[in-house]
Amino acid sequence: MEQLAASKIGVARLSVASNFILVILKLAVGLYGGAISILSEAVHSMLDLVASLIAFFAVRQADRPPDGHHTYGHGKIESLSGAVESMLMITAALWIVNESLAKLQNSGAPEHLDYGIGVMLLSVLINWHISGKLYAVAGRTGSNALEADALHLRADVWTSLGVLGGLCAIKITGLYWLDPVVAIAVAALIVRAGYKMIGKSLRELTDVSLPPEDEKIIRRIINEHPKIIAFNRLRTRKAGSRRLIDVSILLDRSMNLNQAHAVCDEIEAEIAAVFAPCDTVIHLEPSEFNLSLEKGW
């Protein structure tokens, strides 16, 4: 667990550093050359920087152990951070649209396009690499905050490619109105990514059940245990990277407490082997039914 927490913090710190560098570069080139598409990417990267800082804070706080005020742990902080990051994404996109529409009405020719093309290419390479690392760690740890950060950076890759293509087209054709049009397209992609992330974060904050494929695995683990007659009241939810599971199982009433407890330990260990970190709570029900009865209570 400590190794997973360290990997989350390390990759979040790397994301903060890379975003800070890209913000400085894009702002400098955008202001120097007057290209609204590059400035829109600078705003996007500023948003990514804020998102990375939020993710860095969230993963540090979410991995704190449960305490008297948060007996289920602090995992919801990650879900909340994902929602905040998404709202910031949409807010920045609206600003980009507003600035782009103004630029369309008074379209000036952007200058020093070669610098813009260079910084966009650098942005694509850096963000592709960092987002890949974020996705990998988010996949291993189930971190919603890191996944949101990775989503931001991967969106930045595609928007940077769009701006790069637009700058190349302007350089070749001289059609300067392409600059604000590309910026508006960037904003549309940002809104789409933010909308998807808000939905995911809100599902976790409102305790929506785990995906059907996850619950199917949990049901299979319980059904395959030879000592369990049946089970019901399976309930699941997610708090950050931690899955919370509770279920009632039916055991033969002749089993003593130690035997029943051992069955619970085995089930919890098998579930944790697939879904760690997780908390599994099992309620025992005694039964006089024959153990050969079909499961599925």
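Any read-out appearing in this document is the output of simple, stated calculations on the displayed coordinates, not a laboratory observation. Since the structure is predicted, the reported quantities are computational estimates derived from the model, not experimental observations. Virtual Cβ from ideal backbone geometry, glycine too; neighbours counted across all protein chains shown.
Over all other residues within a Cβ to Cβ distance under 12 Å of Met89, the charged ones net out to -2, with Lys and Arg as +1 and Asp and Glu as -1.
Report, in debye and to the nearest 20, how large the dipole of region 148-280 comes out about its Cα centre when Lys and Arg carry +1 and Asp and Glu carry -1 on their Cβ.
Values: 17 positive and 16 negative charges, 83 e Å.
Magnitude of the dipole: close to 400 debye.
Putting +1 on Lys and Arg Cβ atoms and -1 on Asp and Glu Cβ atoms, find which of Ile282, Gly240, Val263 reaches farthest to the positive end of the dipole of region 212-287. Checking the options against the dipole of region 212-287, the answer is Gly240. Derived scalar couplings between HN and Hα for region 204-214 equal 6, 5, 9, 6, 5, 4, 4, x, x, 5, 5 Hz in order, rounded to whole Hz, by the Karplus curve 6.51 cos²θ - 1.76 cosθ + 1.60 (θ = phi - 60°), x for Gly and Pro.
Where does the charge balance sit around Asn256 when Lys and Arg score +1, Asp and Glu -1, over other residues with C-beta under 15 Å from its C-beta?
Details: positive: Lys227, Arg253; negative: Asp252, Asp265.
In short, 0.
Take the Cα of Ala6, step 7 Å toward its Cβ, do the same at Leu121, and the gap between the two points is 3.9 nm. Take the Cβ-Cβ distance between Ile24 and Val208 as r, set R0 to 41 Å, and report the resulting FRET efficiency rounded to the nearest 0.05. For Ile24 and Val208, the calculated efficiency is 0.55.
Most tightly packed first, judged by the mean number of other beta-carbon atoms within 10 Å of their residues, the peptides 194-200, 220-226 read 194-200, 220-226.
The fewest-to-most ranking of Cys278, Cys264 by surrounding Cβ atoms within 10 Å reads Cys264, Cys278. Peptides 169-177, 120-128 ranked from most to least packed, by the mean per-residue count of other Cβ atoms within 10 Å: 120-128, 169-177.
Within region 162-217, list the GluC sites (Glu not before Pro) lying in a DSSP loop whose Cβ has at most 12 other Cβ atoms in a 10 Å radius.
Those that pass, being in a loop and sparsely packed, number zero.
Given a cut-off of 22 Å, what percent of all Cα-Cα pairs of region 212-287 lie beyond it? Walk me through the intermediate numbers first.
Numbers: 518 of 2850 pairs.
Roughly 18 percent, rounded to a whole number.
The slack between Arg253 and Trp177, meaning 0.36 nm per residue of separation minus the straight C-alpha distance, is 19.6 nm. Exceedance of the 20 Å cut-off in Cα-Cα distance is limited, within the set Lys76/Lys200; Lys103/Lys171; Lys26/Lys200; Lys8/Lys238; Lys26/Lys133; Lys196/Lys238, to Lys26/Lys200; Lys26/Lys133.
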